[in-house]
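The values are calculated or read from the model by the stated rules, or taken from the named source; none is laboratory data. Worth saying up front: this structure is predicted, and the values here are computed from it rather than measured. Positions of Cβ are generated from backbone atoms using ideal geometry, with glycine treated the same way; all protein chains shown enter the neighbour counts. Only protein heavy atoms, including side chains, enter the accessible area calculation; ligands, DNA and RNA are left aside. Shrake-Rupley method; radii C 1.70, N 1.55, O 1.52, S 1.80 Å.
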Amino acid sequence: MLKFESFLLGQPRCPEEMSTDRYYYDLTNRLIDIAEKDTNASSLHSALIERAALCVIGYFQDMIADAGLWHGFIDECRRLYGTPVPFFSVSEEYIDYELNREDVGFLVWYAVAMYSDDRQVYPFSMPVVALADAWYKELEDVYEKSPVPEGYHLAHELDVYEEEDREMIMHLGSWLFLHSWLLRPAFAVTVNQIITEKITEGGGNEEIAGAIQDAAKNEPTGPLALYIGEWVHLTVHHKLPYRREKKEQKSSHPSYQRLIEATGGEPVIFIKGYHEFNGFLINHLGWKPGEEHLSQLKDCRDFVLMSNPDKGLLVAPDICRCIKAPTNPFYDSDYASSHAIDLLTIRGRCPHDLLEYVCEKGWLPDAKFPDSDDTSLVARFHDFISRCYLQLYYRGD
């Protein structure tokens, strides 16, 4: 059974207990009990089931209270992907801002994928579908008689531009980033990275806590990899703040000019072997002759070089076999079938600019989740998958 303290930690008014908290706590434990008795979900660890249940119950509370977080999320998903819930082509029965099977299915996948050790989870795998079906049935049965959750109205009647609302906006932002049901799963991976790095450096609890607070201020999170100000704006106003268009560069980076001259106009080149790679840097990009440049990459078997007018050169080793570009002779469809998904799900595997370019060109045709042949799902939602898994590595610039 989930501890009440663990449930309360995710509530907007924590540590204060609200009148409806016990009801939703009991409902969470009913979902956990249902999952533990479902043989199709038996492969999921008990701790994973608890976290997924907290995520789904948080959605249920948010949706009943029309608290704003789910409202803003599906509005932004529809703008980005033409559907309110990633991976799903919603049925005619789907009703915005109310309980839907597609919502529950997405959130079960999201929690399981973000909290699992093996994070490359197919959204329509048997354990995920079985859990979503069972939990949706239970929530549907209690939907009409569940009380409006007290304390879930943090964003109501707030305005991010009003000075008098600043204190509540700050509280909302802190809860959203560190404790909310929707952002917390994606941030868990970042937290684990921070803890590992600080322990390796010999840091203590204070250093870890400080680094987590810095990440909350400066890094994106949640399934859409938005920054905290964007999430607050989305929750309060159901749309992102206005973004100014970047001014075009009047002059191009020297590396860009040299690369497209060497390739005949292409911003990307594929090279096999360190010797050839080092030679290209010297002979075509003007790097100092007689040296082994980027020697830490000597053991890599292949390289992708890309440049754009304003950022200069980027290098991505050992991914040529995944990219089906017309100018790439090293593409391996069998290898790509197993490893192309890594480019969208493993942080640091492929630089953002290159990943975006490759996906726009349709050069990852064999990318799919393990235990699935569904390449069309990845092709359609490559931007969402990249945002959700890569976070700062996708949106950092």
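Descriptive notes on the structure:
- Filter result for I323 (in contact with a strand residue (DSSP E or B) (Cβ under 9 Å, 6 or more places away or on another chain) and among the aliphatic types (A, V, I, L, M)): yes
- Out of E207, E197, sole residue that is in contact with a helix residue (DSSP H, G or I) (Cβ under 7 Å, 6 or more places away or on another chain), more than 22 Å from V108 (Cβ to Cβ) and assigned to a helix (DSSP H, G or I): E207
- Conditions (1) closer than 27 Å to Q61 by Cβ; (2) open to solvent by 60 Å² or more (accessible area, probe 1.4 Å); (3) free of Cβ contacts under 8 Å to residues at least 60 places away in the same chain; number of the one not met by F187: (2)
- Cβ-Cβ contacts under 6 Å between residues 6 or more apart (or on different chains), taken from a first residue in region 306-332 that is of a type in the set (F, W, Y) to a second residue that is open to solvent by less than 10 Å² (accessible area, probe 1.4 Å), are listed as F330/D302; F330/C320.
- Within region 43-79, the set of residues being among the polar types (S, T, N, Q), over 22 Å from E144 (Cα atoms) and at pLDDT 95 or above is empty.
- Among (1) at pLDDT 95 or above; (2) assigned to a helix (DSSP H, G or I) - the single one D165 does not satisfy: (1)
- Some residue of region 216-228 being more than 20 Å from C55 (Cα to Cα), touching a residue at least 24 places away in the same chain (Cβ under 8 Å), of a type in the set (G, A, S) and outside any loop (DSSP other than H, G, I, E, B): no
- For L154, the requirement of being hydrophobic (A, V, I, L, M, F, W, C), part of a loop (DSSP other than H, G, I, E, B) and touching a Pro at 6+ places or on another chain (Cβ under 9 Å) is met.
- Hits in region 84-135 - residues which are open to solvent by 30 Å² or more (accessible area, probe 1.4 Å) and within 16 Å of the chain's Cα centre (by Cα): Y115, D117, D118, R119, Q120, Y122
- Within region 380-397, the set of residues being closer than 12 Å to P86 by Cα and of a type in the set (A, V, I, L, M) comprises just one member, I385.
- When region 369-379 is filtered for residues that are without any contact (Cβ under 8 Å) to a residue 40 or more places away in the chain and either in contact with a helix residue (DSSP H, G or I) (Cβ under 7 Å, 6 or more places away or on another chain) or part of a helix (DSSP H, G or I) (or both), the ones remaining, listed by number, are T375, S376, V378, A379.
- Among (1) assigned to a helix (DSSP H, G or I); (2) within 23 Å of I385 (Cα to Cα); (3) open to solvent by less than 10 Å² (accessible area, probe 1.4 Å), the one test that I32 misses: (2)
- Being touching a helix residue (DSSP H, G or I) at 6+ places or on another chain (Cβ under 7 Å) and farther than 18 Å from V129 by Cα is a description that applies to D96.
- Filter result for R51 (in contact with a Phe, Trp or Tyr (Cβ under 8 Å, 6 or more places away or on another chain), open to solvent by 60 Å² or more (accessible area, probe 1.4 Å) and in a helix (DSSP H, G or I)): yes
- D383 vs. criteria farther than 22 Å from P317 by Cβ, touching a residue at least 40 places away in the same chain (Cβ under 8 Å) and open to solvent by 50 Å² or more (accessible area, probe 1.4 Å): no
- Subset tally (residues that are modelled with pLDDT of 95 or more and either outside any strand (DSSP E or B) or among the charged types (D, E, K, R) (or both)) for region 304-325: 8
- Verdict on D62 being open to solvent by 10 Å² or more (accessible area, probe 1.4 Å), touching a residue at least 40 places away in the same chain (Cβ under 8 Å), charged (D, E, K, R) and under 20 Å from Y110 (Cα atoms): no
- Matching residues, region 190-234, being closer than 12 Å to Q391 by Cβ, open to solvent by 20 Å² or more (accessible area, probe 1.4 Å) and either within 14 Å of the chain's Cα centre (by Cα) or aliphatic (A, V, I, L, M) (or both): V191, E219, Y227
- Listed conditions (1) assigned to a loop (DSSP other than H, G, I, E, B); (2) open to solvent by 80 Å² or more (accessible area, probe 1.4 Å) are all met by L44, apart from (2).
- In the set F270, F330, F277, only one residue is aromatic (F, W, Y), surrounded by 11 or more Cβ atoms within 10 Å (Cβ to Cβ) and assigned to a loop (DSSP other than H, G, I, E, B); that residue is F330.
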